[in-house]
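The values are calculated or read from the model by the stated rules, or taken from the named source; none is laboratory data. If you're wondering where the values come from, they're calculated on a predicted model, not measured in any experiment. Cβ sites come from the backbone with ideal geometry, for glycine too, and all protein chains shown count toward neighbours.
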């Protein structure tokens, strides 16, 4: 029965090729617009750390100006001062502690055989690799001792490995970073890109991963050029790098993992005690406030999903609605023109339900064709989005999500556009049309 | 009734579902288009706002000395000399940080009173350590006072910030701090602690990150830190053509220092507004597609109605109706549909506008956008209805007795 109706539907579609093509095209455009914006939205609004959302936290401490609130996010600086971050690392006792900051460094071969390059790098404690799931191609993170002492070891990207060692096994070899010799302990796999880059949302949420990681406490020894934000409120006399480390400047991004509720309670107690202690020394003059944000909260506080992303989704859904109503109008027009045929079928004994289903089948064929074409068009739509937005290169790509959404749209559009016209035509009075014939 | 409004309304009422649907489609489209035009206008205004600098003639580049080495005053002066010697370069300047549209810079609070004074009011502004050529090179317009003198520029070693310096501030900041008085010769405090003497006021220009609240509040400071890095800005007729020469001039003096990101100000501005450009294109696309889909719908439904009423048309022709009257009938029908749709669409548009104002902190949609979109839609749909209506007008009188 189904195949019979589908054959009838196909014959009817072919009978009015122009009208049918226009309907398919309209539906396809609406679906393509929605698939494009929804695919973009789905990636932009995703949480890459969803599986550890309950145990991973971005730490915020309110060490800001007693006279004025911090100007951004939730009114507390996104980053910690060096001294507070260091205290959390040394005595906070969390299951894992990530201190990290974005820097730019000059990298050279030890024999100066290639021209120096400036690269995007991160200072980080070794837990960065496990908390943010960085896969290794060779080697691994530096040791806990190297971490605590800030030894001159480095993890590099696959691209840098190719640049300096032409793909040779690089672990144990050295590169010059800012004029100092660093020993390579690991090479990141090139698959690693975190979208959005939840570990650092200060300078954009869709950026290339860093090319090098240096043990965080190298900064104890010497300054690095920050490629992130360094924010301050207090006028402090800075005469040396050690002075800088002791200031109220906030520039260290701090994450902890706390695997059990007890660990979390203990860590919070530690923070409260720590802040009280610092208050005695004249710091933390504002009311006691700290936040442990889950990755999900962190993405939301930092406004990763832009207003434009939302507006585009609304716009495309409204556009699809127009396209579907358009399809309803055209289908209705077409079905009513064929009402005499339906009347004849009814007179020959077909039930209303049968006439209804027969016409719904035609709407389904048009909906399916529209969705298939829409899926194809959305591929071009995503190419267009990538060329319009330079920072959505990794984001605007077709995925399983797009295909499933297309199937859902096909079903919905067939039902929405087909139901009303099919119902109208199924009500037609056989007598009237028979007389007219 | 010359326009046949009454019989048209009656016949529309009788068929109900079709006309209601086409009204719904048109209304929704009018609501979308009026909001989209409004968004679009906001973006275009933003992209087209004055930069306040001679942006089309500028290019910038930054250099970083070899690891462990710091820039010296002689190096910066030699670099600038080399840059000025390039053919096509009109001027060149050194800027410590906060080059307009570079997305990289620093800011601080500025006030007329020092820290500790209870009456102190402070305003954040971008800090731009700059040399004596910066005002001329960037193409800023002095409205009061003067630019820096060459001997006034203080190149200081890292971590040895001088106790004072000269400053040139933008009009917005001058107005906020001095409320109409002349700021020249007065003192402003950086971070409530470092006194700066204002020597000049320039017209507002957009700073290093124009998305901030203090986009137009910029302070040029005559003290430049000798760190490992400095920015150069060059001015010339064809900034894009200068880039290779600029790179070479800076790299020639030392092959192992870093020369990076040489680019024109125009390209930096394009990057800064790229999301807005994208939005403009997407909104335009949506509008074009909407008009297209509606045109399609109107052609389809009018064709259907014409076919459905061939007989009635034939009767009217037989009874003496002119072709023009028939044509007018279908076109007036379309006017009625679009007019009704405009009313519904205006309500929808204002509701959507209200939602965006309440939830996304956007400006309110002016009331006349929807009638305007309705007008445009009317022109487009009249054109669309013309072709099937003409076919109706050509229906011969004998159709009345056909079949």
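Could you pull out the residue among A:412, A:385 that is at pLDDT below 90, surrounded by fewer than 17 Cβ atoms within 10 Å (Cβ to Cβ) and either assigned by TED's automatic domain parsing to the domain that holds residue A:320 or not in a helix (DSSP H, G or I) (or both)?
The match here is A:412.
In the stretch A:157-165, is there at least one residue being more than 26 Å from the chain's Cα centre (by Cα) and within 14 Å of chain B (Cβ to nearest Cβ)?
no
Identify the residue in the stretch A:311-355 that is buried (at least 20 other Cβ atoms within 10 Å of the Cβ) and away from chain B (no Cβ under 14 Å) and, among all such residues, is farthest from residue B:40 (Cα to Cα).
So the residue we want is A:346.
Restricting attention to the stretch B:255-280, which residues are part of a helix (DSSP H, G or I), over 22 Å from residue A:120 (Cβ atoms) and more than 12 Å from the chain's Cα centre (by Cα)?
Residues satisfying the conditions are B:265, B:266.
Taking the stated definitions as given, is residue A:426 crowded, with 17+ Cβ neighbours inside 10 Å, within 14 Å of another protein chain (Cβ to nearest Cβ) and over 20 Å from residue A:22 (Cβ atoms)?
Details: crowded, with 17+ Cβ neighbours inside 10 Å: yes; within 14 Å of another protein chain (Cβ to nearest Cβ): yes; over 20 Å from residue A:22 (Cβ atoms): yes.
When the stated conditions are applied, residue A:426 passes them.
Looking at the stretch A:104-118, is at least one residue under 27 Å from the mean Cα position of the chain (by Cα), closer than 19 Å to residue A:194 by Cβ and in a strand (DSSP E or B)?
The answer is no; no qualifying residue exists.
All but one of (1) touching a strand residue (DSSP E or B) at 6+ places or on another chain (Cβ under 7 Å); (2) modelled with pLDDT of 95 or more hold for residue B:132; state the number of the condition that does not hold.
That leaves (1) as the condition not met.
For the subset of the stretch B:188-215 comprising residues that are in contact with a helix residue (DSSP H, G or I) (Cβ under 9 Å, 6 or more places away or on another chain) and within 12 Å of chain A (Cβ to nearest Cβ), which member is farthest from residue A:235 (Cα to Cα)?
B:211
May I ask you to say which residue of B:253, B:302 is touching a residue at least 12 places away in the same chain (Cβ under 8 Å) and surrounded by 17 or more Cβ atoms within 10 Å (Cβ to Cβ)?
Working: B:253 fails: surrounded by 17 or more Cβ atoms within 10 Å (Cβ to Cβ).
Answer to the selection: B:302.
Is it true that residue B:114 is part of a loop (DSSP other than H, G, I, E, B), touching a helix residue (DSSP H, G or I) at 6+ places or on another chain (Cβ under 8 Å) and within 22 Å of residue B:174 (Cβ to Cβ)?
Details: part of a loop (DSSP other than H, G, I, E, B): yes; touching a helix residue (DSSP H, G or I) at 6+ places or on another chain (Cβ under 8 Å): no; within 22 Å of residue B:174 (Cβ to Cβ): yes.
Answer is no for this residue.
Does residue B:267 satisfy the criteria of being without any contact (Cβ under 8 Å) to a residue 40 or more places away in the chain and either out of contact with any helix residue (DSSP H, G or I) (no Cβ under 7 Å at 6 or more places or on another chain) or surrounded by fewer than 16 Cβ atoms within 10 Å (Cβ to Cβ) (or both)? Break it down into steps so the answer makes sense when it comes.
Values: without any contact (Cβ under 8 Å) to a residue 40 or more places away in the chain: yes; either out of contact with any helix residue (DSSP H, G or I) (no Cβ under 7 Å at 6 or more places or on another chain) or surrounded by fewer than 16 Cβ atoms within 10 Å (Cβ to Cβ) (or both): yes.
Taking the combined requirement at face value, the residue satisfies it.
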